[in-house]
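The next block holds one structure in the form of structure tokens; read it before the comments.
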Amino acid sequence: MASILWVLVDAWRGYRMRSWLRRGDLAMAPQMSGWWGVLSDRARKLLRDRERSIAAGEQRLKDFLSAIQASPNGVVMLDANAQIEWSNQTAANHLGIHPERDVMQRVGNLLRDPVFTAYMAVEHPVDPVVMAGHRHRMSSPVRISVQRHRYGEGKQLLLTRDVTLLEQAEAMRRDFVANVSHEIRTPLTVLSGFVETLQTLDLDTHEQHRYLALMALQAVRMQGLVEDLLTLSRLEGSPVPNFINTVPLSSLLVACESEARGLSDIIAKGAPLHHIAFESSSLLDQALLMGEQRELQSALSNLVTNAVRYTPAGGHINVSVEQAADASLSIAVRDTGAGIAAEHLPRLTERFYRVDRSRSRESGGTGLGLAIVKHVMQRHGGSLSITSELAKGSCFKLTFPANRWRIAP
């Protein structure tokens, strides 16, 4: 009888053990003694280790996906049928897909760009392909690089990267090199021609002096170009000016006025001189600009000398200093020159951009002056604004924020 009772109790314990193992809930683990207790404890430990391992694996997966989600590059995982299994938000922004709604959609049905379609048709692509991004517009282009990799059993990984700025920088580099080469080639060609003339022809003293003067003019032009290029390079590679150094505004204005009147004398050659006026209030005469004197002098001098060069003899050039309601300080250079058409205004600060190339070269410009002014103002937290109307003149205004100037004590 006792053995039958023991068998029944043992069977009951086995039943409880089996029921618990089916559920696999650690909280429901039976408390038993004997061999069933040992087995229960061992199974409980194995289940606990398994749950810990699963939790650790899930946490690693979450961390991995979070890291990919935070990546500045896009990631799209495709299954063997080129259906989207997962994508981060960056890829969604690049390609115009939805990271949740478009799961298990064929990527070819969502992206119909012919460039992308042809790229997906290649069995084993080596190089990435560059295509228009989701937000691409003619006025604001967006270029996306897509690289495809195979992994697992027929699965594919798409890596996307915004290369808009890289392509723009490369285009600017090509244009810059082409422009510099063109600007330097012209005076070099003239110099070479004059040198050959002097070497091959028997010229009288007057002719020799004339050719040497023209050669000197071209040499000065090249020297000015190189100096402007070095100035731009220095501006781009040096730290932002501090707030410790101060420059009296009055000294800048006096130096620019002297330079403007001297240039007007040179250009006039017997014609009426320009009417040049520098105006500011007695209070603003005591203003101090905080920044680099050489840069500030260069910026203001570029605007004033440009006004003299491009204003006909007898024209008016007015330089005024004003304080705005927001406590910013502005220096405006106005002229009565020919003016600039509206379509040219947005591009005036581009390097080597000229409204009239022949006229600019005749006046001795390098095409870098306004680019230098723009860089100087950006480095000082300010801005350059340009307004102009054909046949009515132009206004170039430098605006300094309130924290870049003060009244001398």
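Any chance you could give the angle, 0 to 90 degrees and rounded to 10, that helix 164-200 forms with the longest Cα principal axis of the chain? With both axes taken from Cα atoms, the answer is about 30 degrees. What the phi angles of the stretch 213-229 give under the Karplus curve with 6.51, -1.76 and 1.60, with θ = phi - 60°, is a coupling list of 5, 5, 5, 5, 4, 5, 5, 5, 4, 5, 4, x, 4, 5, 5, 5, 5 Hz, glycine and proline written as x.
All alpha carbon pair distances within the stretch 124-259 were sorted into 5 Å bins beginning at 0; the resulting P(r) in whole percents reads 2, 7, 9, 9, 9, 9, 9, 10, 9, 8, 6, 5, 3, 2, 1, 1, 0, 0. Ordering E350, E153, E343 by accessible surface, largest first, gives E153, E343, E350; the 1.4 Å probe counts only protein heavy atoms, with every chain in place. Using every pair of separate Cα atoms, the Kirkwood estimate puts the hydrodynamic radius of the stretch 88-190 at 16.1 angstrom. Based on C-alpha pairs under 8 angstrom that are at least 6 apart in sequence, the stretch 69-200 has a relative contact order of 23 percent.
The Cα center of the stretch 124-153 and the Cα center of the stretch 280-357 differ in position by 44 Å.
Summarising the amide proton neighbourhood of I276: residues at separation of 5 or more, or on other chains, whose placed amide H is nearer than 5 Å comprise I317.
A Cβ-based charge dipole, computed about the Cα centre of the chain with Lys and Arg at +1 and Asp and Glu at -1, lands at about 2160 debye. For the stretch 130-205, the convex hull drawn through the C-alpha positions has a volume of 146 cubic angstrom per residue. Scaled against the 2.2 N^0.38 Å expected of a compact globular protein of N residues, the Cα radius of gyration of the stretch 269-409 reads 1.06.
Assuming 0.692 mPa s and 37 °C, estimate D for the chain with Stokes-Einstein, Rh taken as the Kirkwood radius over Cα pairs, in µm²/s. D, rounded to a whole number, is 114 µm²/s. With the Kirkwood sum run over all distinct C-alpha pairs, the stretch 162-226 has a hydrodynamic radius of 14.0 Å. For the stretch 151-190, the normalised intensity computed at q = 0.23, 0.30 Å⁻¹ comes to -0.77, -0.93 (log10 of I(q)/I(0), Debye sum over alpha carbons, equal scatterers, no solvent). What a 1.4 Å probe finds exposed on the chain is 57% carbon and sulfur by accessible area, rounded to a whole percent. Candidates G96, T197, L288 compared by Cα position along the dipole of the chain: farthest toward the positive end lies G96, with charges placed on Cβ. Contact order for the stretch 221-371, expressed relative to its length and based on alpha carbon pairs under 8 Å spaced 6+ residues apart, stands at 24 percent. Placing unit charges on each Cβ (+1 for Lys and Arg, -1 for Asp and Glu) gives the chain a dipole about its Cα centre, and among S383, V226, H182 the Cα reaching farthest toward its positive end belongs to S383.
In the context of the full protein assembly, K62 retains an accessible surface of approximately 130 Å², using a probe radius of 1.4 Å and ignoring ligands and nucleic acids. Per residue, the accessible area of the chain comes to 59 Å², computed with a 1.4 Å probe over protein heavy atoms only.
Note on exposure: E227, E295 ranked by accessible area (1.4 Å probe, complete protein assembly) read E227, E295, with the most exposed listed first. For K392, go through the aspartates and glutamates and keep the ones whose alpha-carbon is under 15 Å away, minus same-chain ones fewer than eight residues off. Reachable aspartates and glutamates: D335.
Over the chain, Cα pairs under 8 Å with separation of 6+ residues give a relative contact order of 10 percent. Shown in residue order for the stretch 57-74 are the 3J(HN,Hα) couplings computed by the Karplus curve 6.51 cos²θ - 1.76 cosθ + 1.60 at θ = phi - 60°: x, 5, 5, 4, 5, 4, 4, 5, 5, 5, 5, 5, 5, 7, 5, x, 9, x Hz (x for Gly and Pro).
Stokes-Einstein diffusion for the stretch 261-347 at 10 °C, viscosity 1.306 mPa s, with a Kirkwood radius from C-alpha pairs, works out to 108 µm²/s. The string of couplings for the stretch 281-292 from the Karplus curve (6.51, -1.76, 1.60, θ = phi - 60°) is 6, 4, 6, 5, 4, 8, 5, 10, 8, 9, x, 8 Hz, one whole number per residue in order, with x for Gly and Pro.
Taking Cα atoms only, the orientation of helix 369-379 departs from the longest principal axis of the chain by about 50 degrees.
The values are calculated or read from the model by the stated rules, or taken from the named source; none is laboratory data. Bear in mind the structure is a predicted one, so any value in this text is a computation, not a measurement. Methodologically, a virtual Cβ is constructed for each residue, glycine included, from the backbone with ideal geometry; neighbour enumeration extends over all protein chains shown. In case anyone asks, the SASA skips ligands and DNA or RNA and just uses the protein heavy atoms, side chains included. Shrake-Rupley method; radii C 1.70, N 1.55, O 1.52, S 1.80 Å.
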